[in-house]
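Right, one structure below, let's go through it.
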Amino acid sequence: MFFEHVEASCISDESMPWIPLGIAPGVEVKFFKADPIRGEVIALLKAPADAKLPRHHHSGTVVVYTLKGKWKYKEHDWVAGPGSIVYEIAASTHAPEAVPDGGPEVVVLNIVSGDLVYLNDDDSVMATANWRSAAKQYFGYCKKNGIEPRDITAFG
């Protein structure tokens, strides 16, 4: 049977670098997977407690698991803290922000399907992120910093 030969893999958090996200000051990302088959990115996101990320639109679904700190969307009353899971439907738009009383930083695990479109205040597109841009950013950062990259686009 085919599946008997497919190995599970484990990626150590320490083996992956924090990379400046480039969208907001002090915000960093750690890419674990940039899946070209499913169009999915799996990554940790770390932001200081005073961070305000730009409003953004999702073409696909997003699952966010909060590991550290507190955050919310300007458009909602709830606050996500450690152990919370936020499920974002496709075609949703919102503006995330850290909640200052949640500690010095927010760390979340994101599983993002499709495109993430960052918007300026006038709704013009600031940047678009997806599995391709994640892979390009990761491999470029590794090359620039002399880090031996892991193939985050491969299985196994």
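To put it simply, the accessible area of the stretch 2-145 at a 1.4 Å probe is 58 percent carbon and sulfur. Run through the stretch 10-93 and list the GluC sites (Glu not before Pro) located in a DSSP loop whose Cβ has at most 13 other Cβ atoms within 10 Å. Filter output for the stretch 10-93: Glu75.
As I understand it, the value is the acute angle between the Cα axis of helix 131-144 and the longest principal axis of the Cα atoms of the chain; what does it come to in degrees, rounded to 10? Relative to the chain, helix 131-144 is tipped by roughly 80 degrees. Restricting the chymotrypsin sites (Phe, Trp or Tyr not before Pro) of the stretch 103-156 to loop positions (DSSP other than H, G, I, E, B) with no more than 15 neighbouring Cβ atoms within 10 Å leaves Phe155. If you take the Cα centroid of the stretch 4-80 and the Cα centroid of the stretch 99-113, the two points sit 8 Å apart.
For Lys74, which lysines qualify as cross-link partners when the Cα separation must be under 28 Å and same-chain residues fewer than eight apart are set aside? Within the straight-line limit of under 28 Å, Lys74 reaches these lysines: Lys30, Lys46, Lys52. Here the Karplus curve 6.51 cos²θ - 1.76 cosθ + 1.60, taken at θ = phi - 60°, turns the phi angles of the stretch 39-46 into couplings of x, 10, 10, 10, 7, 8, 10, 10 Hz, with x standing for Gly and Pro. For the chain, the Cβ-based charge dipole about the Cα centre amounts to some 260 debye (Lys, Arg positive; Asp, Glu negative; other atoms uncharged).
Rounded to 0.05, the FRET efficiency of the Asp151 and Asp122 pair, given R0 = 35 Å and the Cβ-Cβ distance, is 0.35. Here is the list for the stretch 54-146: trypsin sites (Lys or Arg not before Pro) lying in DSSP coil, each with at most 10 other C-beta atoms within 10 angstrom of its C-beta, are Lys74.
The values are calculated or read from the model by the stated rules, or taken from the named source; none is laboratory data. None of these values were measured; they are calculated from a predicted model. Glycine also receives a Cβ, built like all others from the backbone with ideal geometry; neighbour counts cover every protein chain displayed. Accessible surface areas use protein heavy atoms only, side chains included; no ligands, DNA or RNA. Shrake-Rupley method; radii C 1.70, N 1.55, O 1.52, S 1.80 Å.
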